[in-house]
Structures are given as structure tokens and as C-alpha cells.
Amino acid sequence: QVQLVESGGGLVQPGESLRLSCTTSGIMFSNYVMGWYRQVPGKQRELVAAITRGGSTNYLDSVKGRFTISRDNAKNTVYLQMNNLKPEDTAVYYCKAQFGSRAYWGQGTEVTVSS
């Protein structure tokens, strides 16, 4: 059974930081491209950051320089370090694991940035 469990969301003030974690089970984690997506009500889910098997990364333009994605293959976990958070970063953040045509999603963790 494949599981992706996100954690680390919460309510923070603008300028503060959060680190999201997504721990997986049931997959050969090191083979998967891992991504963080976010979604706000009424809008499409968007890719925030992704990291390949080899560690190459890409980011949504609006988070470049503020967010960092990383992975720990020994812990089957992917992280998203989010610094200098802005109100527009408020969303539900989802973790995705992809290997070829196989894709699995977590249940999401909510991030609210508000003063």
C-alpha cells in the first residue's frame, strides 16, 4: 500500500518560515521524482518545486530564492523549506511521487500566511 504523508503546515506571519515534510511508504522512493504542489480554492493545482532522482531541482518562478526542495532517500522523505513566506503562499500543499506513468499524491497540508 502506497502512502504519502505530509506534515509541517500551519499558520505563520509574513516573513516567517516553515518546513514541510512528506514521508512515503510502499514505493522505491529513490526511483521517484518528487514534487510539491499547491492549490487554493477555485484555482488549479500548481507545481511549486520538484526534485529528480539525481537531485536536480526546478521551482515555480514566484518561489525561487525563497523555497528549497530536498530529499533524503534513506528516510524516504522529501522536504520543502519555505522562507520569507508571503500571504500569496497560502494554500494546501501536496506531495507527489512520480515514476513513469505511476503517480501518487498525499492528502495535503495547509499553509496559511497571515498577519
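What to note about this one:
- Inside the range 17-32, residues that are open to solvent by 60 Å² or more (accessible area, probe 1.4 Å) and either closer than 18 Å to residue 58 by Cβ or among the hydrophobic types (A, V, I, L, M, F, W, C) (or both) make up a count of 1.
- Every residue from the range 76-115 that is within 16 Å of residue 27 (Cβ to Cβ), touching a strand residue (DSSP E or B) at 6+ places or on another chain (Cβ under 7 Å) and of a type in the set (D, E, K, R): 96
- Residue check for residue 86: modelled with pLDDT of 95 or more and more than 17 Å from residue 6 (Cβ to Cβ): yes
- The range 65-101, residues that are without any contact (Cβ under 8 Å) to a residue 12 or more places away in the chain and over 14 Å from the mean Cα position of the chain (by Cα): 65, 74, 100, 101
- The lone criterion from (1) more than 24 Å from residue 102 (Cβ to Cβ); (2) touching a Lys or Arg at 6+ places or on another chain (Cβ under 8 Å) left unmet by residue 10 is number (2).
- Residue among 104, 79 that is among the aromatic types (Phe, Trp, Tyr) and open to solvent by less than 40 Å² (accessible area, probe 1.4 Å): 79
- When residue 1 is tested against (1) modelled with pLDDT under 95; (2) open to solvent by less than 20 Å² (accessible area, probe 1.4 Å); (3) of a type outside the set (Gly, Ala, Ser), only condition (2) is not met.
- Strands (runs of 3 or more DSSP E) wholly inside the range 29-115 containing at least 1 residues that are closer than 19 Å to residue 16 by Cα: 33-39, 46-51, 67-72, 77-82, 91-99, 109-113
- Taken over the range 1-28, the residue count meeting the criterion of being outside any strand (DSSP E or B) and within 12 Å of the chain's Cα centre (by Cα) is 2.
The values are calculated or read from the model by the stated rules, or taken from the named source; none is laboratory data. The shown structure was predicted, so the numbers you read here are calculated from the model rather than taken from an experiment. A quick note on method: Cβ atoms are made from the backbone with ideal geometry, for glycine too, and the neighbour counts reach across all protein chains shown. These area figures cover heavy atoms from the full protein model, side chains too; ligands, DNA and RNA do not enter into them. Shrake-Rupley method; radii C 1.70, N 1.55, O 1.52, S 1.80 Å.
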